[in-house]
Structure formats: C-alpha cells, structure tokens
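Visitor: The structure's right below; bear with me while I get my questions together.
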Amino acid sequence: MTTLDDATADRPIGLTAPSGLDREAHHRLDEAWLAAAWSHPSTRVFVVSGGQVLIDEPEGADGRTVLVTTPSFEAPVTEQHRYFLGTDEDGVRWFALQKDTLPGRIDQSARPAGLREAGLLLSPRETALMVHAVALENWQRLHRFCSRCGERTVIAAAGHIRRCQACGAEHYPRTDPAVIMLVTDERDRALLGRQVHWPEGRFSTLAGFVEPGESIEQSVRREVWEEAGVTVGEVSYVASQPWPFPSSLMLGFFARATSSDITVDGEEIEEARWFSRDDLRAAIESGEILPPSGISIAARLVELWYGKPLPRPAA
C-alpha cells in the first residue's frame, strides 16, 4: 500500500500550504473591532466577483504573480458585502469585498483569474485568502433567503453568518464533504476513470459526495462500487482540500480493492481502467491519456502512488 513516506510526500496538497493567517473568528461579531480594523492604514482589501479576483503579473526581477489589493481607505464602501478574512503574521488585516463585477484596472498586466488558475500562481497567503473569499462569495450568492421561513436574510459576523430578521434563524456557510480516492488492487495497480463530460483521454481518481447518515469510509466503498463495480476493503485517510466550486471539502483516501472486474455505471463514469506505474507512464508519454493536474488533490493522490512527479506528454 502506498504511504506518505514516498519522495513526493513533502509537497503540500494544492490550496493547503501554510499561509500564516489567523482567521480571528472571535472578532467577527465585534462591530467596533471590525470598524477599527477596516480603518487601519495597513489593512488590505481585494474584490471577489463570480469566483474571480484580479491578479497582476508585473514585469520585474522576480516576475511573481500577485493578488491585486488596495488599502481599505481606497476601497469602495460596501459594508453589507465586506468579509473579514483574518490577520497575517505582519499584523495586516485582510478583507474581501463582494461586487457584481471586478474593478477596471489601468495596469496592462492585471487581469481576472479564477481559483484553478490563480491557485497555481499566487503565494500560499494570497491563495488562502482567495479560497476563503471565493467560498464565502459562493455561499452568499446562493443562500439569500431563510430556509425556515423563506424571508430574505442579512449578512452578519463579517460575512460568516446570514441572519433572518423575520424568524431569528441563523444560517452558516455550507460545506459539502466529498470523498476522492486512489484505489489500488493486489498488484498495486491504480484505478482511474473518465467522466462522461470530460474530454477524450482525461482520466482521474474516482470521487463522490458523502450521503446523509453515512461514514466517510462507507462513502468511499459505495462510490467505487456505484461508479466502477469494484469492491473496496481497507480505506486509509491521506489529506483534505477545500474545493469551493462551489462549496466542497475534498477528503482524500487510499483504498484497497478486493475485486478487479470493472463495470462502469455509464452515467458518471464512461470508462475506467487499471494502470500499473509502467502503464501510466507509457500512456501519458504517448498522449493516450491526460492525467489529473493543476491544484486538484487528485493529482497528488496519483503522484503519491506513482512515487515521483508524473511524466509529461511527449511534445
């Protein structure tokens, strides 16, 4: 069974690198403290809209991509959609503003970017800020009305609660647990599948949402059986990853198959195959398959099993 002692284990899962941020949740209901934090000259603010932020790729010595931010005194006043994200190691307080559109920029190097792209380019601190802001924005946009009485709710706790003024109910940001698993058989081959809506050749790990009344281990076994017709015994936890598209928390596992015959469901998974490490290397290098990549935890699960960075397709 693959373990975290492999050569690739020291690299963090995407979107989870240490950021040095303290969310300081105990201040979210303290309006006086929040007002003072907002008005402090060192406070920084950025706008989030539709899951995107502005990033800047300036020409310079390091050429590092950065999150476009402004001092709070230059930011537009939108207290209803102002979210406190935390304080960094330098004592700088960070806020996000939810807007209908991103602000225009004179700088030619600044442009909009979503988390899948920006998460590969920004620093761990800026990535963590963006993950937090995008998750709050998604929840806020989709949960404007009270699920108890149907009345419109208002934002509270610096963006982390929606409160119904009609019935008094409080609603909190939603996080949907999902399992994602690298399944191996007795020959240590990896099971990878292709969803029906993916481009031809794209393969990745199996995944699915945890159902009500179900443990995460039960969810792993059920999803693998439903999608590929493979039974699973041992299940071991690897790591988690926030995935605000719009509100998931990916729980990553290694799972050991107790059967090897594959029967795909045809609804979510169109094709599934067992790969040895040599099989996978050859298929990637020939261009036959496209493995998971980018910030997804799927890429790291496959890489941990493979034992080193995945090869690149031949040019």
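The values are calculated or read from the model by the stated rules, or taken from the named source; none is laboratory data. This one's a predicted model, so the numbers in the text were calculated from it and none came from an experiment. Reconstructed Cβ throughout: ideal geometry from the backbone, glycine too, with neighbour counts over all protein chains shown.
Visitor: What are the residues in segment 156-175 that are touching a Lys or Arg at 6+ places or on another chain (Cβ under 6 Å) and either hydroxyl-bearing (Ser, Thr, Tyr) or surrounded by 15 or more Cβ atoms within 10 Å (Cβ to Cβ) (or both), if any?
Guide: Ala156, Ala157, Ala158, His160, Ala169, His171
Visitor: Give me the residue from segment 59-78 that is loosely packed, with under 14 Cβ neighbours inside 10 Å and farther than 17 Å from Pro103 by Cα and, out of that set, modelled with the highest pLDDT.
Guide: Arg64
Visitor: If you don't mind, there's one more thing I want to ask. Looking only at segment 251-259, decide whether some residue is β-branched (Val, Ile, Thr), surrounded by fewer than 21 Cβ atoms within 10 Å (Cβ to Cβ) and touching a helix residue (DSSP H, G or I) at 6+ places or on another chain (Cβ under 9 Å).
Guide: no
Visitor: Scan (1) in contact with a strand residue (DSSP E or B) (Cβ under 9 Å, 6 or more places away or on another chain); (2) farther than 30 Å from Pro173 by Cα; (3) at pLDDT 95 or above for the single condition Pro313 breaks and write down its number.
Guide: (3)
Visitor: For segment 266-303, give me the residue count where each residue is surrounded by 17 or more Cβ atoms within 10 Å (Cβ to Cβ) and out of contact with any strand residue (DSSP E or B) (no Cβ under 9 Å at 6 or more places or on another chain).
Guide: 1
Visitor: For residues that are out of contact with any strand residue (DSSP E or B) (no Cβ under 8 Å at 6 or more places or on another chain) and crowded, with 16+ Cβ neighbours inside 10 Å, tally how many sit in segment 224-249.
Guide: Of the residues in that region, 1 qualify.
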